[in-house]
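Some notes on the structure that comes next.
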Amino acid sequence: MKNKFLIFFSLLLCFAQTGFAVELNTHKQKYSYAIGLQIGQMLTAQDIREVDADAFAAAVTDFLEKKQPQLSQEEMQGALRKFYADAKAARAELAKENLAKGAKFREEHAKRQGVTVLKNGLQYEVMSPGNGAHPSGDQRVEVHYTGKLIDGTVFDSSHSRGKPTQFNLNSVVPGFREAITRMQPGGKWIVVMPPELAYGEKGAGKKIGPNETLTFEIEYIGPVAAAQPK
């Protein structure tokens, strides 16, 4: 049953992506469109993006008109298995490519004047030292930061949100935690993290792929005092 719904939802996403102009005047048209967008968002989150438009249209028509499916259950299951196997293989190849590109990037970056390389592979360059006490690994801190892939693509930035962010250091990736525990309030660093200190083979969402080396521009503003009980 799960596979049947997955096939149908995949086809709905493709139908939406073909960009057909439709009337959206009645309540039925509007809620149908809203449901389609929700399904599209769900499938996009699962990286289910490309299907054949003609096959999609035929399946939707068959489904809504309660016709006999043109593929057997075994054929549909086989198609899904191949889809997931191909996706897994493609991701494994991407992980391999990212690992090699990241290693080359870190090798070159380590040669820059002023860059410190730690035993675990973390690299940092002090732009402004700051002063005061270093935070502990379980402290809550306030920082401004911009995170980038090695090609310069920004995947996250507190600056774009217009204000610094706060978080507990024991809730972030190891590279971020280690860098900040070495910083002092007011300090600004450029940090390069190998994948094992960032998001590893899993990556994070759609923006950070498997085995990505990440760079961060970090401004450690200072520790955040714990909230007092009322």
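No lab work stands behind these numbers, since they all come straight from the coordinates. Because the structure is predicted, anything quoted here is derived from the model rather than measured. Every residue, glycine as well, gets a Cβ built from its backbone with ideal geometry; the counts of neighbours run over all protein chains shown.
Data table
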| quantity | calculated |
| --- | --- |
| Fully extended contour minus Cα-Cα distance, from VAL126 to ALA103, at 0.36 nm per residue | 6.1 nm |
| Dipole-positive endmost among GLN123, THR215, SER136 within the range 100-215 (Cβ charges, Cα centre) | THR215 |
| Size of charge dipole - the range 85-218 - debye, nearest 20, with Cβ of Lys, Arg +1 and Asp, Glu -1, no other charges | 120 |
| Intensity falloff of the range 66-204 expressed as log10 I(q)/I(0), Debye formula with alpha-carbon point scatterers, at q = 0.09, 0.11, 0.16, 0.17 Å⁻¹ | -0.41, -0.54, -0.92, -1.01 |
| FRET efficiency, ALA79 to ASP151 (Cβ-Cβ, R0 41 Å, nearest 0.05) | 0.75 |
| Dipole moment magnitude, nearest 20 debye, the range 126-174 about Cα centre, only Lys, Arg, Asp, Glu C-beta charged | 140 |
| FRET efficiency estimate (nearest 0.05) - Cβ-Cβ, ILE221 to LYS111, R0 41 angstrom | 0.85 |
